[in-house]
Amino acid sequence: MTTRTPRAKSKGYGTFGGVFVPTLLTILGVIMYLRLGWVVGNAGIVGGTVIILIAMGISGATGLSLSSVTTNIRIGAGGAYSIISRSLGIEVAGSIGIPLFLAQAFAVAMYVFGFRTGWQMLFPAHPDLVVDFAIFLVVVGIASISARFAFRVQFVILALFVGAIASVAATVFTLPLDQPPQLIGDFPGAPETGFAGMGFWAVFAIFFPAATGIMAGANMSGELAEPRRSIPIGTMAAIGVATAVYLSLALWLSRVATPDELVSNYAVMIDRAAWGPAVLAGLLGSTCSAALSSLVGASRILSALAAHKALPGAAPLARTTRKGEPRNAVFVTALVAVAALLLRDLNAVAPLITMFFLITYAMVNVVVLLEQGLGLVSFRPLLRIPRGVAIVGAVGCIFAMFVINPVFSLFAIAVVVAFYSYLTRRRLAAPYGDMRSSLFVAVAEWAVKKASRVGGSRERAWKPNLLIPVEKVDELRGTFRLIHDIASPKGSLTIMGLAPPAGVEQLAGRLTEAAGQFRDEEVFATETVVETDGFADGFLAGMGALRGAFFRPNTVFLPVPEPGGEVEQRRTVVERARDYDLAVILFADHPVAGVGRRHTINVWVRNASWERGHEVAELDLLLLIAYKLQRNWNGRVRLLTVVESIEEKPAATAELHRLVDLARMQQTEVYALAGSFEEAVDRAPQADVSMFGLPEELDFDRMRHLVTRSSSAALFVRGAGDENALG
């Protein structure tokens with residue numbers, strides 16, 4: 001029997017063909033051929049140079065950030081999407097990657113329209129729609145064959161670009177180049193607006209999209225032989241060459257034409273070149289190349305999004321051919337581009353496309369700033385850049401967004417936020433780690449240091465952070481919902497497993513699952529296992545270990561032990577909890593009713609006189625836990641107290657009302673019942689949970705007796721002094 005050997009995947013593309021050429025040809029596109037002269041005519045050679053340097057400076061800073069971060073990670077498919085996802089997670093990357101894909105796909109149509117402009121200079125009678133779809137089908141045909149074929153075609157286009165530049169350079173021998181350059185322009189505006197005038201930043205806004213092609217090579221990251229090496233070298237080399245070309249052409253244009261000619265004739269570069277058809281061929285080639293790069297790059301972003309399930313039902317888009325080509329993604333990208341072509345005029349949405357590019361560039365800079373700021377040992381880029389470079393890149397991108405179009409900037413940000421909200425709800429699982437947890441840890445560490453210096457009481461910041469000892473995970477099943485409702489939404493749980501040596505591994509696995517179930521319901525939970533042969537010894541050791549932690553538990557949650565169970569060990573734990581500054585909640589379930597409908601809470605107040613300093617240790621915690629349950633159950637609370645005679649009821653009732661007012665517990669009923677405590681419990685309105693203060697002398701039998709008399713589950717609480725229901 002023979003075994004078929006799978007065909008080896010392509011070795012990958014190199015720096016020159018895979019990054020430098022597509023990036024250079026995308027930057028030096030239609031704006032260079034048809035708008036650079038207009039920029040110089042408006043701003044003058046000094047103003048035009050400043051515009052070029054600002055635009056390319058922002059792109060250069062972003063390119064350095066891109067280069068730095070790619071030398072630190074194993075970048076996958078999707079270029080900027082892969083970079084952002086490995087740092088800030090799939091949700092952030094997807095919220096940017098989805099609009100970036102759409103922007104790239106729409107850019108295909110923009111470059112097709114640019115090609116048509118050049119084509120109709122040769123053949124003005126050719127219909128717009130025919131020219132558009134003819135070149136579009138050529139681009140799609142090349143892209144669908146393979147990326148390797150597309151790169152080979154781009155070498156031909158590179159030759160056309162070199163020919164165009166050579167035709168311009170040849171004018172040194174054919175033209176006098178004696179036109180005195182205008183240093184600072186008058187900013188007359190454009191022919192379409194009747195030369196109504198415009199400002200410096202308006203001219204900058206029109207030129208800046210020329211500097212947004214720096215990701216053309218990085219988008220092919222998944223198919224480069226050495227992306228860590230090729231992306232930095234190829235991208236920065238392309239930016240450097242493009243900057244030199246723009247500056248040289250700006251100077252040349254200022255010497256070969258008057259300012260009036262520059263602002264009124266968009267084809268001045270073609271007219272003044274030694275051989276105009278060579279420049280026209282370069283224009284056609286550059287627009288074709290940019291459309292090809294956008295189509296190929298967008299399809300790779302789409303494929304990466306589908307692979308990470310950022311798009312619902314898009315699994316087929318992640319599939320590739322035996323040669324690694326995402327053909328399904330290419331065809332879907334082409335369909336999006338067709339929709340853009342049918343719009344016929346993208347001027348209305350062109351600024352939005354630029355916004356999505358700029359948001360992506362800004363996030364690449366932010367990634368570097370965060371990685372550097374956190375000082376993680378994992379951030380060891382082979383190319384280190386000063387923090388100021390990333391700051392310039394990030395601020396420059398945001399500045400450019402609002403200079404170009406403030407309304408579209410805000411809309412683009414809103415779109416990104418909407419996608420982020422959607423992806424967050426989908427709970428995507430990344431196949432690799434990111435630095436989000438490290439970011440939050442760093443913020444937490446900073447907050448801990450600040451809080452430690454400030455000192456003082458934490459009463460107003462109190463929230464239920466429960467410490468729950470567990471010997472058998474099944475113990476949590478019956479109390480899961482009650483524990484959740486006490487802690488939710490801002491509290492936390494520390495589940496401490498107690499097991500003999502032989503049972504540690506099994507208990508640890510089940511506790512991890514249990515903690516995950518709490519986290520799934522928005523309650524932060526951690527788990528740990530203490531190896532011990534005795535409940536009290538193991539739990540006390542755990543409490544001691546947690547005592548020095550800043551984010552430590554503040555309340556022990558324990559079930560009331562059954563008769564004949566670990567009564568003395570539980571008693572020891574409850575009594576010693578005070579030594580560790582821990583409050584205590586003891587839970588006694590009703591054997592038949594359980595917690596009932598989880599709606600009504602009876603809170604028994606031993607002394608309705610509530611003055612700070614009065615020995616009512618449990619009152620604060622009673623009210624705070626009752627408030628938490630009331631909110632999570634959408635229920636109601638009753639405050640009840642017992643008086644010796646009927647004559648005392650009005651004063652006690654008034655004191656309970658005062659207590660409700662001070663604690664700001666709205667819609668709380670109050671009851672003052674005369675007689676003995678047991679009789680009052682018998683006569684009290686029915687509740688789902690009754691709450692009592694924990695007496696100094698622990699009597700577990702009496703606690704179970706109160707459960708029977710109240711016909712409800714019960715909580716017995718003792719505060720630690722950090723709680724404050726008045727806070």
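The values are calculated or read from the model by the stated rules, or taken from the named source; none is laboratory data. What you are looking at is a predicted structure, and each value in this text was computed from that prediction instead of being measured. Methodologically, a virtual Cβ is constructed for each residue, glycine included, from the backbone with ideal geometry; neighbour enumeration extends over all protein chains shown.
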Check your understanding: Which residue pairs have Cβ atoms under 6 Å apart, sit 6 or more places apart or on different chains, and have a first residue in the range 201-227 that is touching a residue at least 24 places away in the same chain (Cβ under 8 Å) and within 22 Å of residue 85 (Cβ to Cβ) and a second that is assigned to a helix (DSSP H, G or I) and basic (Lys, Arg)?
Key -> 219/300
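Here's a check for you: in the range 304-336, which residue that is hydroxyl-bearing (Ser, Thr, Tyr) and modelled with pLDDT under 90 is surrounded by the fewest Cβ atoms within 10 Å (Cβ to Cβ)?
Just the residues of the range 304-336 that are hydroxyl-bearing (Ser, Thr, Tyr), to begin with: 320-321, 333.
Remaining after also requiring modelled with pLDDT under 90: 320-321.
Numbers: 320: 16, 321: 10.
This residue is 321.
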Exercise for review: Could you check how many residues of the range 694-708 are touching a strand residue (DSSP E or B) at 6+ places or on another chain (Cβ under 7 Å) and farther than 21 Å from residue 683 by Cβ?
Suggested key: 1
Exercise for review: May I ask you to list the residues in the range 177-202 that are among the β-branched types (Val, Ile, Thr) and closer than 8 Å to residue 43 by Cα?
Suggested key: 184
Check your understanding: Out of the range 173-229, which residues are in contact with a helix residue (DSSP H, G or I) (Cβ under 6 Å, 6 or more places away or on another chain), among the hydrophobic types (A, V, I, L, M, F, W, C) and farther than 24 Å from residue 258 by Cβ?
Key -> 201, 205, 208, 211, 214, 215, 216, 218, 220, 224
Exercise for review: Can you work out which of the residues in the range 337-359 that are at pLDDT 90 or above and among the β-branched types (Val, Ile, Thr) is surrounded by the fewest Cβ atoms within 10 Å (Cβ to Cβ)?
Suggested key: 338
**Study point:** Among the candidates 224, 183, residue that is assigned by TED's automatic domain parsing to the domain that holds residue 358, hydrophobic (A, V, I, L, M, F, W, C) and touching a strand residue (DSSP E or B) at 6+ places or on another chain (Cβ under 6 Å)
**Key:** 224
Exercise for review: Determine which member of the set 267, 237, 273 is among the small types (Gly, Ala, Ser), under 27 Å from residue 167 (Cβ atoms), touching a residue at least 40 places away in the same chain (Cβ under 8 Å) and surrounded by 24 or more Cβ atoms within 10 Å (Cβ to Cβ).
Suggested key: 273
Point to revise | Residues (buried (at least 16 other Cβ atoms within 10 Å of the Cβ) and of a type in the set (Asp, Glu)) located in the range 240-261 | key: 261
Review point. Hey, among the residues in the range 599-630 that are of a type in the set (D, E, K, R) and assigned to a loop (DSSP other than H, G, I, E, B), which one's modelled with the highest pLDDT?
Key: 606
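Would you mind finding the one in 409, 378 that is in a loop (DSSP other than H, G, I, E, B), modelled with pLDDT of 65 or more, in the same structural domain as residue 51 (by TED's automatic domain parsing) and of a type in the set (Gly, Ala, Ser)?
Exactly one of 409, 378 is in a loop (DSSP other than H, G, I, E, B), modelled with pLDDT of 65 or more, in the same structural domain as residue 51 (by TED's automatic domain parsing) and of a type in the set (Gly, Ala, Ser), namely 378.
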Point to revise | Which listed residue is modelled with pLDDT of 95 or more and either under 30 Å from residue 74 (Cβ atoms) or acidic (Asp, Glu) (or both), from 250, 298, 237 | key: 237
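Yes or no, residue by residue, for (1) surrounded by fewer than 19 Cβ atoms within 10 Å (Cβ to Cβ); (2) closer than 25 Å to residue 483 by Cβ; (3) among the basic types (Lys, Arg):
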site	(1), (2), (3)
643	yes, no, no
652	no, no, no
669	yes, no, no
679	yes, no, no
708	yes, yes, no
713	no, yes, no
Review point. How many residues, within the range 175-223, are in a helix (DSSP H, G or I) and either under 28 Å from residue 240 (Cα atoms) or under 38 Å from the mean Cα position of the chain (by Cα) (or both)?
Key: 18
Point to revise | residue 112 being assigned to a helix (DSSP H, G or I), more than 22 Å from residue 411 (Cα to Cα) and free of Cβ contacts under 8 Å to residues at least 40 places away in the same chain | key: no
Point to revise | Hits in the range 39-60 - residues which are surrounded by 21 or more Cβ atoms within 10 Å (Cβ to Cβ) and within 32 Å of the chain's Cα centre (by Cα) | key: 55, 56, 58, 59, 60
**Study point:** Identity of the residue in the range 398-407, buried (at least 20 other Cβ atoms within 10 Å of the Cβ) and not small (Gly, Ala, Ser), that ends up farthest from residue 91 (Cα to Cα)
**Key:** 404
Revision key, fill the gap. Exception for residue 230 within (1) surrounded by fewer than 23 Cβ atoms within 10 Å (Cβ to Cβ); (2) among the hydroxyl-bearing types (Ser, Thr, Tyr); (3) touching a strand residue (DSSP E or B) at 6+ places or on another chain (Cβ under 9 Å) falls at (1)
Revision key, fill the gap. Only one of (1) over 25 Å from residue 321 (Cα atoms); (2) assigned to a helix (DSSP H, G or I) does not apply to residue 141, and that is (1)
Review point. Do we have any residue at all in the range 155-172 that's in contact with a Gly (Cβ under 8 Å, 6 or more places away or on another chain), assigned to a loop (DSSP other than H, G, I, E, B) and not aromatic (Phe, Trp, Tyr)?
Key: no
